[in-house]
Amino acid sequence: MPAAQRHWAPLFAAWLIALLATAGALFLGEVMGMAPCVLCWYQRIAMFPLVVILGLGLLDADGRSIRYAWPFAWAGWGMAVYHCAVFWGVVTEGLVPCGKGGSCADAEVQVAGIVPIPLLSAIAFTGILALLWIANRRVKA
Amino acid sequence: MKKQWIVVASVVAVVVAFIAGAIVFKGRETQQVSQAAQSNSDALVRASSPVFGIPAAKVTIVEFFDPACETCRAFYPLVKTIVNSSFGQVRLVVRHAPLHEGSDTAVKILEAARLQGQYWPAVERALAGQPRWAAHGNARPELIWDLIADLGLDMAKARADADSPAVAQLLAQDIADMKALKVDRTPGFFVNGTPLRDFGEAQLRALVDQEIRKVKAP
């Protein structure tokens, strides 16, 4: 494998996480009918473009896609961490800009009643950041 | 294998899994809703529910209706046409499903108008003026009073009725039945007890036609 392509595997893994997270979010919202809260929307806004940006980067073996993915991954990660803090009551509900579509701290934001959706989101964004970091190092190497 | 194909194959796999999951989930949900409709069939129509059309009609459309819901507004003329063009075979029973902000107040005003025999005119006025009083985030259902002011109602009595325990009781019954039947969005249609799962105009017409054929040829 040429050295220039060594970043492909971590980039693919990051893209796959974004793809699965996007499919999962759409499944929860459109199929299961769970209305996304405001914070969920901000995380969606950060997650959905990652599928396109990283996907195109993979098709063209374009390492620069990492650069364009960074801001989305960081923004989404920040939102997800904040959402987790809201969910577990670290940040009080009064500070949260939640309008229609359910409270962001609601117990309903759980998959199968066990895993909180904001935690899944935080794990996904953390994974994407880590993989992008690895891919970036291999591009420079 | 070329790397591009791995990407394409992954997308296809996820899309296929998504569709398969959606079909399984919707199928299970349909089963649950049908079961809820069967085991709670007495919750579909109450003696106190408003009826449009001939009460003895053999086909009954039950509509869970929210006066603040845009889709309910869009469906109203259609449902009315179905009843009117059925030659007495179809009737409409309205159940109130106040899922929007301010809908509960709107329903109480409509119920108060019903006590004076002006339910359907009041519904039509409320729907016509819906964009004004049911704006999202700024619901002002009390504006309906102005919309129905010229229906010849005893307005003092109507305002008292709207706040009465009897009307509150009717609304509470509608909400309880809505929950028992797992209606979580409006309009929610049942035709002779069969829930309309695949939502749409044509689908509603088809379901009604199917039930008409059933009662014609037993």
> For A:Ile17, A:Ile114, A:Ile45, what ranking results if the residue with the fewest other Cβ atoms within 10 Å of its Cβ goes first?
Replying inline: A:Ile114, A:Ile45, A:Ile17
>> Show me, for segment B:40-50, the HN-Hα J-couplings you get by feeding each phi into the Karplus relation (A = 6.51, B = -1.76, C = 1.60, θ = phi - 60°), rounded to Hz, glycine and proline as x.
In response: 10, 4, 6, 7, 5, 10, 10, 4, 8, 6, x
> Label B:Ser34 and A:Glu30 with points 7 Å out from Cα along Cα→Cβ: what is the distance between them in nm?
Replying inline: 2.5
> Stokes-Einstein at 20 °C, 1.002 mPa s, Kirkwood radius from Cα pairs: D for the protein assembly as shown in µm² s⁻¹?
Replying inline: 90
> Given H placed 1.01 Å from N in the peptide plane, which residues other than close sequence neighbours of B:Phe189 have an amide H under 5 Å from its amide H?
Replying inline: B:Phe64, B:Leu196
> Which order, highest average first, do B:101-111, A:68-78 follow once you tally other Cβ atoms within 10 Å for each residue and take the mean per peptide?
Replying inline: B:101-111, A:68-78
> Is the shape of chain B rounded, prolate or oblate, going by the alpha carbon gyration tensor and its root eigenvalues a ≥ b ≥ c, with a/c under 1.5 for rounded and a/b larger than b/c for prolate?
Replying inline: prolate
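What helices in chain B pass both tests, a Cα length along the helix axis of 15 Å or more and a mean Kyte hydropathy of -1.0 or higher, using whole DSSP H runs? All intermediate terms of the calculation are to be shown ahead of the outcome.
On the way: long enough: B:3-39 (54 Å, 0.85); B:70-84 (22 Å, 0.27); B:103-114 (16 Å, 0.08); B:165-180 (22 Å, 0.48); B:201-216 (23 Å, -0.64).
Qualifying helices, which must be both long enough and hydrophobic enough, are B:3-39, B:70-84, B:103-114, B:165-180, B:201-216.
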>> I want to verify a result. In a Gaussian network model of chain B, Cα cutoff 10 Å, which of these has the top mean-square fluctuation: B:Asp154, B:Asp66, B:Asp184?
In response: B:Asp154
> Using θ = phi - 60° and the Karplus form 6.51 cos²θ - 1.76 cosθ + 1.60, what ³J(HN,Hα) does each residue of segment A:27-39 get, whole Hz, x for Gly and Pro?
Replying inline: 5, 4, x, 8, 8, 7, x, 8, 5, x, 7, 4, 5
> Of B:Ala134, B:Ala17, B:Ala74, which has the largest mean-square fluctuation in a 10 Å C-alpha GNM of chain B?
Replying inline: B:Ala17
> With a 10 Å Cβ neighbour count serving as the proxy for reagent exposure, in which order, fewest first, do B:Arg28, B:Arg73 appear?
Replying inline: B:Arg28, B:Arg73
>> Based on alpha-carbon centroids, what's the gap between segment B:1-76 and segment A:1-74 in Å, whole number please?
In response: 31
>> What is the sum of charges, Lys and Arg at +1 and Asp and Glu at -1, for the other residues whose Cβ falls under 10 Å from the Cβ of B:Ile148?
In response: -2
>> Mean-square fluctuation check for chain B, GNM, Cα pairs under 10 Å: which of B:Val62, B:Val51, B:Val16 is largest?
In response: B:Val16
> So which of A:Lys140/B:Lys2; B:Lys182/B:Lys214; B:Lys80/B:Lys108 end up more than 30 Å apart, counting from Cα to Cα?
Replying inline: none
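Just so you know, all these numbers are worked out from the coordinates, no wet-lab data involved. Note that the structure is predicted; figures quoted are calculated from it, not measured. Glycine also receives a Cβ, built like all others from the backbone with ideal geometry; neighbour counts cover every protein chain displayed.
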